[in-house]
Amino acid sequence: MKKESKLIFWVTRLAPPILTFSVFIAIWESYVYFKDISVILLPSPHKVAGEFVSNFWQLNKFARNTLFEAAIGLFAATLLSLVIAGSTYSSRKLSGILENYSALAKALPTVAIYPICTVFFGIGTKAIVAIVTIGIFPIMFLYVLRGFAGVSEHDALMESLSAGKKHRFVDLVLPRSVSYLMAGLRASAPTAIIITIVAEYFGGEVRTLGAYIRRESSNLHTLEMWGAILAACVLGLAVFGCVSLIDRYFSKWRPASD
Amino acid sequence: MSNEIGLEAIGVSKIFDTPTGTLLAVDDVNLKVPAGEFISVIGPSGCGKSTLLRMFADLDSPTTGSLNVANLPSSEARIQRKYAFVFQAPTLLPWKSVLKNVALPLKIMGKGKEEREKVAKEMIHLVGLEGFENRLPWQLSGGMQQRVSIARALTVRPPVLLMDEPFGALDEITRDRMNQELVNLRATQHQTVMFITHSISEAVFLSDRVVVMSARPGRIIADIEIDLPEPRTAESRLHPNFSAHVTAIRGYLVDAYNAPQK
Ligand SMILES: Nc1ncnc2c1ncn2[C@@H]1O[C@H](COP(=O)(O)OP(=O)(O)O)[C@@H](O)[C@H]1O
Ligand SMILES: [Mg+2]
């Protein structure tokens, strides 16, 4: 019974995206082949895969640097959200104002202010981390605020126990918002990777995916560029996998059917 | 001991402001419960029982009148942790193990980990849940969860227990067993208890005294001393006084439902 449901899960959840992806690759491959497209314009998928494999260690190193910048920025934005929301959530008015600002900031293409960051932090890791923090903060903050605003019958329990602010926060408010924090992480993590690569593209440390993509594309090394793009995709998938794992860890206090 | 006050309500009324106007939930309740007494409150649903209990707990404030708990104004009693509240739902923190849930009040009081886990383990033993310390709440049945919440209430050894239909969601057999356990627990701890229930037989079995409230606005319409031999056991339910009390209270409840609504 259990085995069967697992099989159904794999077939229904995984088969459609794999199928779609395969069809996409097949069309791409045959288009390049039949139209005889030059490798400088658009390399075929199998060549991109070959490039990815042969250049794996360099791409791996660049991807790790990119991941590092994205992760630090994401971490900083999360920490900032927790600290600010943690000190304002009990005031509805203040939270409301900040919520509006964040909703506005979220709608803006934050990467566009990257040049300003470079004025303060120079071109490199510091500026990248700064722009990721700025870009992710409004997304994360909204989720955290919504999580902290939650209510349940446990509030009366805490009141009856005459719990102080610290215990209310640590023992109730924070763990109660975990599902919101996870949703925030799911929404932020891929965006953090994208912001990082775009910012690197416009001026980042040489040994990062974004800077490499720009270098290779301006040199018309299209195949190398596509190898790096594939690496960026793999990085995105890896990050998604990590977030899912964290998610699973935090869901252990709910029944499996939930 | 006997001249100390467990619970006292003096001219307590509660008016709620609702979108459709004001609502008189509790109307001029006067009640005095000596320390160590077990008192049950019974009445139609919506008559203000929970509201009265929450006011004793300082979770709601009265519109008029005042309430005392363990010889202190209710707000002071809450701050000094003179009572423990047992909710209708177990209200356990789903991310904490049974042990940590039971130890929570002591953690909030700032006790060290070793001490609070020692006391929590005693309380878990008391409610018959040893071996379940590391389970998470969802892994327990409803009855077991409510036992955990009672263990949690007992950890601070409060002089007063405020219980809002704690066994309301349990099946009849589990409820009878929990009633017996509560009686046994109190044989060693002698807290003042205010116990809210819908069940007449539960109220008679547990209580020294049963108070009947009218339909909204909640007023006390009867105050009955329960005369049953101690200690209460399964035999108590067969005692002639038991059915006499049940019958009398049923009569008052019929009146309660028929009471004019304001
Ligand atoms: N916070 C509140 N705001 C408005 N009305 C309330 C509130 N709490 C309770 N009430 C109303 O007060 C009445 C008494 O409620 P309650 O004390 O919960 O009754 P009981 O516990 O006896 O079933 C009900 O009519 C209920 O709708
Ligand atoms: Mg109620």
Hey, can you grab everything whose amide H is under 5 Å from the amide H of B:Val86? Only 5+ residues off in sequence or another chain; H modelled, so Pro and N-termini drop out.
B:Leu162, B:Met163, B:Asp164
Can you tell me the accessible area per residue over the stretch B:1-101, all protein chains present, probe 1.4 angstrom, in square angstrom?
39 Å²
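Report the gain in length on full extension from B:Arg135 to B:Lys32: 0.36 nm times residue separation, minus Cα-Cα distance, nm rounded to one decimal. Let's see the in-between values first.
On the way: separation 103, 0.36 × 103 = 37.08 nm, distance 4.06 nm.
Separation in residues times 0.36 nm, less the Cα-Cα distance, equals 33.0 nm.
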How shielded is A:159-172 by partner chains, expressed as the average number of their Cβ atoms within 10 Å of its Cβ atoms?
5
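To the nearest 20 debye, what charge dipole does chain B have about its Cα centre, counting +1 at the Cβ of each Lys and Arg and -1 at the Cβ of each Asp and Glu? Walk me through the numbers on the way to the answer.
Values: 29 positive and 29 negative charges, 169 e Å.
With Lys and Arg at +1 and Asp and Glu at -1, about 820 debye.
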Could you give the radius of gyration (one decimal) and Dmax (whole number) of the Cα atoms in chain B, in Å?
18.3, 56
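Short version: what are the Cα gyration tensor semi-axes of the stretch B:29-126, square root of 5 times each eigenvalue, largest first, in whole Å?
On the way: eigenvalues 166, 53, 35 Å².
They are 29, 16, 13 Å, listed from largest to smallest.
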For A:Lys35, the lysines lying under 23 Å Cα to Cα, once residues fewer than eight places off in the same chain are dropped, come out as A:Lys47
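When only C-alpha pairs under 8 Å and at least 6 residues apart count, what is the relative contact order of chain B, in percent? It would help to have the intermediate numbers written out before the result.
Numbers: 532 pairs, mean separation 64.6, N = 262.
In percent, rounded to a whole number, it is 25.
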Any lysines with Cα under 16 Å of the B:Lys118 Cα? List them, leaving off those in the same chain fewer than 8 positions away.
B:Lys100, B:Lys107
Where A meets B: accessible area buried, both sides, 1.4 Å probe, Å²:
1900 Å²
If one builds a Gaussian network model of chain A from Cα atoms under 10 Å apart, the most fluctuating residue listed among A:Leu172, A:Leu108, A:Leu161 is A:Leu161
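Accessible area, 1.4 Å probe, largest first: how do B:Thr20, A:Thr191, B:Thr247, A:Thr208 sort? Mind dumping the intermediate values first?
Numbers: B:Thr20 135, A:Thr191 45, B:Thr247 95, A:Thr208 0 Å².
Highest to lowest solvent-accessible surface, that is B:Thr20, B:Thr247, A:Thr191, A:Thr208.
When all alpha-carbon pairs of the stretch A:46-251 are counted, what percent fall beyond 21 Å?
58 percent
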Modelling each spin label as a point 7 Å along the Cα-to-Cβ direction, I'd like the B:His190/A:Asn219 distance in nm, to one decimal.
8.9 nm
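Need one value for A:52-58: mean number of C-beta atoms belonging to other chains within 10 Å of its residues' C-beta atoms. Walk me through the intermediate numbers first.
Numbers: counts 0, 0, 0, 0, 0, 0, 0.
Average per residue, whole number: 0.
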Square roots of five times the Cα gyration tensor eigenvalues for the stretch A:1-115, Å
42, 25, 17
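Using the Cα centre as the reference, give the magnitude of the dipole from point charges on the C-beta atoms of the stretch A:97-218 (Lys, Arg: +1; Asp, Glu: -1; all else neutral), rounded to the nearest 20 debye.
Charge dipole, the stretch A:97-218, about its Cα centre: 220 debye, nearest 20.
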Linear extension gain, A:Ser251 paired with A:Lys165, 0.36 nm per residue minus alpha-carbon span
28.4 nm
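Using a Förster radius of 30 Å, what is the FRET efficiency between A:Ile18 and A:Leu79 based on their Cβ-Cβ separation? Nearest 0.05, please. Show your work: numbers first, answer last.
Numbers: r = 37 Å, r/R0 = 1.23.
Efficiency, rounded to the nearest 0.05: 0.25.
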So which of B:Lys82/B:Lys121; A:Lys166/B:Lys113; A:Lys165/B:Lys82; A:Lys93/B:Lys14; A:Lys93/A:Lys252; A:Lys166/B:Lys82 end up more than 25 Å apart by C-alpha?
A:Lys93/B:Lys14; A:Lys93/A:Lys252
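How much accessible area per residue does the stretch A:46-251 have, in Å², with a 1.4 Å probe?
On the way: 10570 Å² over 206 residues.
Dividing the accessible area of the stretch A:46-251 by its residue count gives 51 Å².
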B:Ser45/A:Lys126 FRET efficiency (R0 56 Å; Cβ-Cβ; nearest 0.05):
0.35
Could you look at the protein assembly as shown and say what percent of its accessible area is carbon and sulfur, using a 1.4 Å probe and all protein chains?
62 percent
Label zone at B:Asn241, where the point sits 7 Å out along the Cα-to-Cβ direction: the stretch B:27-42 residues whose backbone N lies under 17 Å
B:37-40
Over the Cα atoms of the protein assembly as shown, each weighted equally, I'd like the Debye log10 I(q)/I(0) at q = 0.10, 0.12, 0.13 Å⁻¹, rounded to two decimals.
-0.89, -1.11, -1.23
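Extension gain B:Glu230-B:Arg250, at 0.36 nm per residue separation less the Cα-Cα distance, in nm? Before the final figure, lay out the partial values.
Numbers: separation 20, 0.36 × 20 = 7.20 nm, distance 2.31 nm.
Between B:Glu230 and B:Arg250, full extension yields an extra 4.9 nm.
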B:Arg209's amide H: which non-local residues (gap 5+, or another chain) put their own amide H closer than 5 Å, with H modeled 1.01 Å from N in plane and none for Pro or chain starts?
B:Phe38, B:Ser40, B:Ile226
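Given a Förster distance of 60 Å, report the FRET efficiency between B:Phe16 and A:Ala49 from their Cβ-Cβ distance, rounded to the nearest 0.05. Present the calculation step by step, with values, prior to reporting the outcome.
Values: r = 68 Å, r/R0 = 1.14.
FRET efficiency, B:Phe16 to A:Ala49: 0.30.
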Mind checking the mean number of beta-carbon atoms from other chains within 10 Å of the Cβ atoms in B:89-97?
5
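The values are calculated or read from the model by the stated rules, or taken from the named source; none is laboratory data. Owing to the predicted nature of the structure, the values given are computational and were not obtained by experimental measurement. So basically every Cβ, Gly included, is an ideal-geometry build from the backbone, and we count neighbours across all protein chains shown. In case anyone asks, the SASA skips ligands and DNA or RNA and just uses the protein heavy atoms, side chains included. Shrake-Rupley method; radii C 1.70, N 1.55, O 1.52, S 1.80 Å.
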